[in-house]
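Participant: Submitted below is the structure of interest, expressed as structure tokens.
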Amino acid sequence: MLSITSEGSVVRVTLNRPEVRNAFNEDLIAQLTTWAESVQADGPARVAVLSGAGKVFCAGADLTWMSKMVHYTRDENVRDARAMARMFDALDRLPIPLIGRIHGAALGGGVGLAAVCDIVVAAEDTAFAFTEVKLGILPAVISPYAIAKIGVSAARELFLTGARFSAERAQAIGLVHAIGDEAGLDRMVAKYVNDLATSAPQAVAAAKRLIADVAEATRTAATEHTIDAIAERRVSPEGQEGMGAFLAKRPPSWIK
């Protein structure tokens, strides 16, 4: 489900559920959290690369997980959202640089993963989208990280429409740092790895903490609100209708 390999000072973390386009479920969230919280600033790894196996980086929420979610109480949704919030927080606070290698598609929570990466390289044909509103829910837990990357103006357009956007657009709004053909992704990753290898590791960790400290007040205040917001939407009539329609492969009631 989560493949972790080390090559010298580089640890490669791969979402390894290609049969479901590397979609999230409780187990993948728990494994990513456990790994991220285990990384030490003074450990053997100096940089981590996050990627997805198969044709897609991450397609968002797993259908089986969503099927359970439809029947969760509000308290169960709060607990579920808190687990996901903990995962994104742990990845965002990783004491070593995190490079995202994005290809195929990054949808919903998959865009959230890109947002918590320090450096993102993407294949030029990658599709991105904050798809949550299409299901009657919200990109709530990922919003502090996504808005920090893309800004309020782009969030207003992309959160509200749920529209797909290109890697070129993702680069223009700050979500992606470098784009190229998929065959060249590993070469772009290697260049960043080499650049980071010449940076003092303790200084890099300190720089990451500095960035977090500067932005921390807004993000910390937002976290509890986002957990409540997504839990509320999941149990709302509209959220239930949207997720139910998605699982049943039919249009939701608000599409005439």
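Participant: Can you name every residue in the range 1-31 that is more than 19 Å from residue 114 (Cα to Cα), part of a strand (DSSP E or B) and at pLDDT below 95?
Facilitator: The answer is 7, and nothing else.
Participant: If you scan the range 130-169, which residues turn out to be in contact with a helix residue (DSSP H, G or I) (Cβ under 8 Å, 6 or more places away or on another chain), under 28 Å from residue 185 (Cα atoms), crowded, with 21+ Cβ neighbours inside 10 Å and of a type in the set (Gly, Ala, Ser)?
Facilitator: Listed by number, the residues that qualify are 143, 146.
Participant: Among the numbered criteria (1) outside any loop (DSSP other than H, G, I, E, B); (2) surrounded by fewer than 21 Cβ atoms within 10 Å (Cβ to Cβ); (3) of a type in the set (A, V, I, L, M), which single criterion is violated by residue 179?
Facilitator: Looking at each condition in turn, residue 179 falls short on (2).
Participant: What about residue 241, is it under 29 Å from residue 72 (Cβ atoms) and not aromatic (Phe, Trp, Tyr)?
Facilitator: Numbers: under 29 Å from residue 72 (Cβ atoms): yes; not aromatic (Phe, Trp, Tyr): yes.
Here the answer is yes, as residue 241 does meet what is asked.
Residues are listed down the side, and each one gets a yes or a no for (1) at pLDDT 95 or above; (2) over 14 Å from the mean Cα position of the chain (by Cα); (3) of a type outside the set (A, V, I, L, M):
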residue	(1), (2), (3)
66	no, yes, no
73	no, yes, yes
83	yes, no, no
107	yes, no, no
112	yes, no, yes
115	yes, no, no
130	yes, no, yes
135	no, yes, no
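Participant: Among the residues of the range 59-90, what is the count of those that are in contact with a Phe, Trp or Tyr (Cβ under 7 Å, 6 or more places away or on another chain) and either among the aromatic types (Phe, Trp, Tyr) or farther than 19 Å from residue 244 by Cβ (or both)?
Facilitator: 2
Participant: Which residues, counting only those in the range 146-165, are under 21 Å from residue 116 (Cβ atoms), among the small types (Gly, Ala, Ser) and not in a helix (DSSP H, G or I)?
Facilitator: Once the filter is applied, which keeps residues that are under 21 Å from residue 116 (Cβ atoms), among the small types (Gly, Ala, Ser) and not in a helix (DSSP H, G or I), the range 146-165 yields only 162.
Participant: If you go through the range 39-63, how many residues are within 19 Å of the chain's Cα centre (by Cα) and not in a strand (DSSP E or B)?
Facilitator: Selection size over the range 39-63: 10.
Participant: State all residues of the range 222-256 that are hydroxyl-bearing (Ser, Thr, Tyr) and in contact (Cβ under 8 Å) with a residue 40 or more places away in the chain; if no residue qualifies, say none.
Facilitator: 223, 226, 236
The values are calculated or read from the model by the stated rules, or taken from the named source; none is laboratory data. Small disclaimer: the values here were computed from a predicted structure and weren't measured. Please note: Cβ atoms are built from the backbone with ideal geometry, for glycine as well, and neighbour counts cover all protein chains shown.
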